[in-house]
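A short worksheet on the structure shown next.
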Amino acid sequence: MNKPNEETLLIDGNGLSLDDVSSVASGKRQVDLSEQAVRQIAESRKIVEELLANRSVVYGITTGFGKFKDVYIPPEDSVKLQKNFLLSHAVGVGPALSVPETRATMLLRANALAKGFSGVRKRVVRLLLDMLNQGVHPVIPEQGSVGASGDLAPLAHLALVLIGEGEADYKGKVYDGREALTRAGLKPVILQAKEGLALTNGTQVMTAIGSLVLRDALALTKVADIIGAMTLEALLGTKKAFDSQVHSIRPHSGQVASASNLRLLLSDSDLMESHKNCGMVQDAYSLRCMPQVHGASRQAIEHAREVIEVELNSATDNPLIFESGVISAGNFHGQPIALVVDYLSIALAELANISERRTERLVNPSLSNGLPPFLILNGGLNSGFMIAQYTAAALVSENKSLAHPASVDSIPTSANQEDHVSMGTIGARKSRAILKNLKYVLAIELLCAAQGLDLRTGRYKNGGQAFAPEGIESKGQTPGRGVDAAYEFVRKNIGYLSKDRLIKNDIEMAFRLIDQGDFLHHVESKVGELS
C-alpha cells in the first residue's frame with residue numbers, strides 16, 4: 001500500500017470516474033461516503049426493515065435464492081441465511097485477483113451500495129471502505145463467474161472477509177478474514193437480511209478488471225502511434241498519407257486523432273527530407289494505414305470507455321429497493337460489459353497485429369529498404385533481432401485465440417432459472433491478457449525501431465556507417481521531433497545492439513518503460529500532449 005497522497009474521494013453512487021478508480025486501485029487515495037450517500041443508504045434500508053416487520057414475501061429478503069426463490073425464509077433466520085449464502089457461493093478457483101483489481105472491485109461494490117437501491121445498512125458499506133482504506137484486501141479467486149447473476153462467486157469471497165471468514169491480504173501477508181480485520185483494528189459485521197445478496201449480486205469484478213485494462217489501453221493508443229512513427233522513419237517511409245486533407249474526407253474521430261499524432265511526431269524530420277524525392281510511390285499498409293488501423297482501435301476503446309463509465313455508477317444487484325416498492329429485475333446481467341470487453345480485446349489485438357508486421361519489415365532485408373538483416377552487423381555470427389520477431393509473432397497468434405468473444409457463449413445455471421449468462425468476467429480477464437501481450441509486442445517493435453534508426457543515421461557507437469538505398473544520404477540526419485525524443489529516451493535506458501546479448505533483458509526493460517508510462521510521459525513532455 002502506498003501512503004495516500006490525494007484528497008479523499010467521496011462516493012455517492014453517481015460521480016465515480018475512471019481516474020478515480022485508477023487512483024484508488026493504486027492505493028493513492030482514501031475513500032469515504034458523502035452525506036448524500038449516507039441519506040440514500042438509510043432511506044433504502046428503512047424500506048427493507050418495514051418489509052421484514054410486515055413479514056412480506058420478497059425475493060432475496062425473505063426467500064431463498066435462484067431456484068429457491070419460492071422458499072420462504074422467516075425474518076428470524078435472516079442472519080443464518082446471509083452467512084449460508086456467502087459460504088455456499090464462495091466457490092471461486094484459480095489465481096487471485098491482483099491487489100489493484102481487488103481494490104477497484106471493493107470501490108465499485110461500495111459505490112453501487114452507496115447509490116441507495118440495495119437496502120444495506122451504512123455500517124456494512126463503512127466496513128468495506130475501512131478495509132479498503134486500511135489495506136485489508138480479500139483474496140478473490142478470479143475464476144468461477146459466468147457474469148450473471150453478476151460476479152457471484154468472486155464477490156462472495158470479497159464479502160466473506162466482512163464477516164470474519166475467508167482470507168485477506170494485509171501488508172503483504174495472507175490471513176484468515178477475522179485476523180486480517182483484527183490486525184487492521186477492524187471488527188467483522190453480522191450481516192442482516194438482504195445484505196449478503198447485495199454484496200455479491202453485481203458486475204463489479206468484470207467492471208473493475210475492464211476499467212484497469214481500459215486505463216492502459218487509452219495510453220497504448222498513443223504509444224502505438226509513437227513507435228509506429230519511429231518505425232516509419234527507420235524504414236524511410238513518408239508522412240504524405242497522414243495529410244489532414246486525406247482524413248478530413250473520412251473523418252472517423254480515431255483516425256483523425258492518430259493522423260494528427262503522426263504528423264506531430266514526424267514534424268521537422270531531416271531524415272524524411274533526405275529521401276523525399278526517392279522512387280518509392282507508397283508505403284506498405286502497416287505504415288501507410290496506421291491512422292485507419294490505430295484509429296479504429298481507438299474508437300473501439302472509446303466505446304468501451306463510454307459503457308464502463310456508465311457501469312461504474314450503476315446499481316447492479318437484485319432486487320432493487322425503490323420508494324414505490326421492491327422490484328426484481330436483471331441489472332446484475334453483465335452483457336453490456338461482456339460485449340465491450342470483447343470489443344476491447346479485438347481492438348488491442350489489432351494494435352499488436354499491425355505492430356508485429358512493422359517489426360517484420362524492420363528485420364527482413366527484403367523489406368527494410370537497405371537495413372542489414374535482422375538489424376545486426378556481422379550477421380550469421382550474430383542473429384540480432386531475428387528471434388525477437390518470433391516472440392512478437394507468438395504473442396500475436398496467442399492474442400488471436402484470446403480475442404474470440406467470450407460473450408457469444410452461454411451456459412444455463414441454477415436449474416435453468418438463470419438460463420442466459422454473459423461470461424463477461426472471462427472476457428475481461430482475456431482483455432487483460434491481450435493487453436499484456438500487446439505491451440510486449442510494442443516493446444519489441446520499439447527495440448527494433450530504435451536499432452533501425454541507429455543503423456539508418458549512423459548514430460551507433462562502433463562505426464558510423466549509415467545504411468540506406470543508393471542515392472540517399474541518411475547519415476547524421478535527425479528524425480522528427482517526437483521520434484527523436486522517443487529514440488533518445490530509449491537509448492538512455494537501453495543500449496545499441498552491437499553484437500548478440502541477452503535480448504530478453506532489453507525486452508523487459510522496454511516493457512517497463514511502456515507499462516509504467518515513462519516512455520509516453522517523456523515524449524509528451526517534448527512535443528505536447530498527444531490526441
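The modelled label-to-label distance for the pair Glu473/Ile387, using points 7 Å beyond Cα in the direction of Cβ, is 4.1 nm.
Could you work out the relative contact order of the chain, using alpha carbon pairs under 8 angstrom and six or more residues apart, expressed as a whole percent? Worked out over the chain, it gives 16 percent.
Looking at the chain, do any whole DSSP H helices span at least 30 angstrom along their long axis by alpha carbon and average -0.5 or above on Kyte-Doolittle, and which? Intermediate values should be presented prior to the final figure.
On the way: long enough: 204-234 (44 Å, 1.08); 290-312 (32 Å, -0.28); 335-363 (42 Å, 0.43); 424-457 (48 Å, 0.35).
Qualifying helices, which must be both long enough and hydrophobic enough, are 204-234, 290-312, 335-363, 424-457.
Computed from Cα atoms alone, the Kirkwood hydrodynamic radius reported for segment 386-459 is 15.0 Å. Bridgeable aspartates and glutamates around Lys115 (alpha carbons under 17 Å apart, same-chain partners fewer than 8 residues away excluded): Asp12, Asp20, Asp32, Glu35, Glu43, Glu195, Glu309, Glu311, Asp317, Glu323. With neighbour counts taken as other beta-carbon atoms within 10 Å, the residues Leu107, Leu502, Leu312 rank, fewest first, as Leu502, Leu312, Leu107.
With the simple model of a label 7 Å out from the Cα in the direction of the Cβ, Gln282 to Lys400 spans 2.5 nm.
Cβ neighbours within 10 Å, averaged per peptide: list 466-473, 176-183, 217-224 in order, most packed at the top.
Working: 466-473: 14.8, 176-183: 19.1, 217-224: 22.9.
So the peptides 466-473, 176-183, 217-224, ranked by packing, come out 217-224, 176-183, 466-473.
Computed about its Cα centre, the charge dipole of segment 402-531 is approximately 520 debye, with only Lys, Arg, Asp and Glu carrying charge at their Cβ.
Evaluate Rg over Rh across segment 352-418, taking Cα atoms for both radii and Kirkwood's formula for Rh. Let's see the in-between values first.
Details: Rg = 20.3 Å, Rh = 14.7 Å.
In segment 352-418, Rg relative to Rh is 1.38.
Take the Cβ atoms of Arg126 and Glu49, set R0 to 30 Å, and the FRET efficiency comes out at 0.95. For the chain, the mean residue ellipticity at 222 nm estimated from helices alone is -17500 deg cm²/dmol, where every DSSP H run of n ≥ 4 contributes -39500 (n - 2.57) and the total is divided by all residues, rounded to the nearest 500. Under 17 Å of direct C-alpha separation, and excluding same-chain neighbours fewer than eight residues apart, Lys475 reaches these aspartates and glutamates: Glu233, Asp268, Asp270, Glu273, Asp454, Asp484, Glu488.
Pairs from the list Lys80/Lys171; Lys67/Lys122; Lys222/Lys526 with a Cα-Cα gap above 25 Å: Lys80/Lys171; Lys67/Lys122.
Charged neighbours of Asp77, selected by a Cβ distance under 15 Å, balance to +2 (K, R count +1; D, E count -1).
So what does log10 I(q)/I(0) come out to for segment 210-527 at q = 0.07, 0.13 Å⁻¹, using the Debye formula with one equal point on every Cα and no solvent? After summing over all Cα pairs, the log10 values are -0.32, -0.90. When the Cα positions of Gly135, Gly164, Val146 are compared along the charge dipole of segment 9-202, Gly164 comes out farthest toward the positive end, with charges on each C-beta of Lys, Arg, Asp and Glu. Here segment 9-202 yields Rg over Rh of 0.95, to two decimals, using C-alpha coordinates and the Kirkwood radius. Annotation for Ser498 and Glu76: the two label points, set 7 Å from Cα along the Cα-Cβ direction, are 8.7 nm apart. Taking a straight Cα-Cα cut-off under 21 Å and skipping sequence neighbours fewer than 8 places away in the same chain, the lysines within cross-link reach of Lys173 are Lys3, Lys28, Lys187. Three principal axis extents describe the C-alpha atoms of segment 246-338; from largest down they are 75, 22, 22 Å.
When only Cα pairs under 8 Å and 6 or more residues apart are kept, what is the percent relative contact order across segment 385-493?
Details: 84 pairs, mean separation 21.2, N = 109.
Reported as a whole number, the value is 19 percent.
Take peptides 358-367, 196-205, 334-343 and line them up by average Cβ neighbours within 10 Å, highest first, as a rough protection proxy. If you can, show how the numbers build up before the last one.
On the way: 358-367: 19.6, 196-205: 30.1, 334-343: 25.4.
Those peptides, ordered most packed to least, come out 196-205, 334-343, 358-367.
Between segment 156-211 and segment 385-400, the alpha-carbon centres lie 40 Å apart.
Using Cβ contacts closer than 10 Å as the measure, can you line up Ser407, Ser253, Ser498 from fewest to most?
Numbers: Ser407 21, Ser253 12, Ser498 15.
Ordered from fewest to most neighbouring Cβ atoms within 10 Å, Ser407, Ser253, Ser498 come out as Ser253, Ser498, Ser407.
A Cβ-based charge dipole, computed about the Cα centre of segment 9-202 with Lys and Arg at +1 and Asp and Glu at -1, lands at about 300 debye. Three principal axis extents describe the C-alpha atoms of segment 339-491; from largest down they are 73, 34, 24 Å. Taken about its Cα centre, the chain carries a charge dipole of roughly 720 debye when the Cβ of each Lys and Arg holds +1 and the Cβ of each Asp and Glu holds -1.
No lab work stands behind these numbers, since they all come straight from the coordinates. Since the model is a prediction, treat every value here as computed from it, not as a measurement. Positions of Cβ are generated from backbone atoms using ideal geometry, with glycine treated the same way; all protein chains shown enter the neighbour counts.
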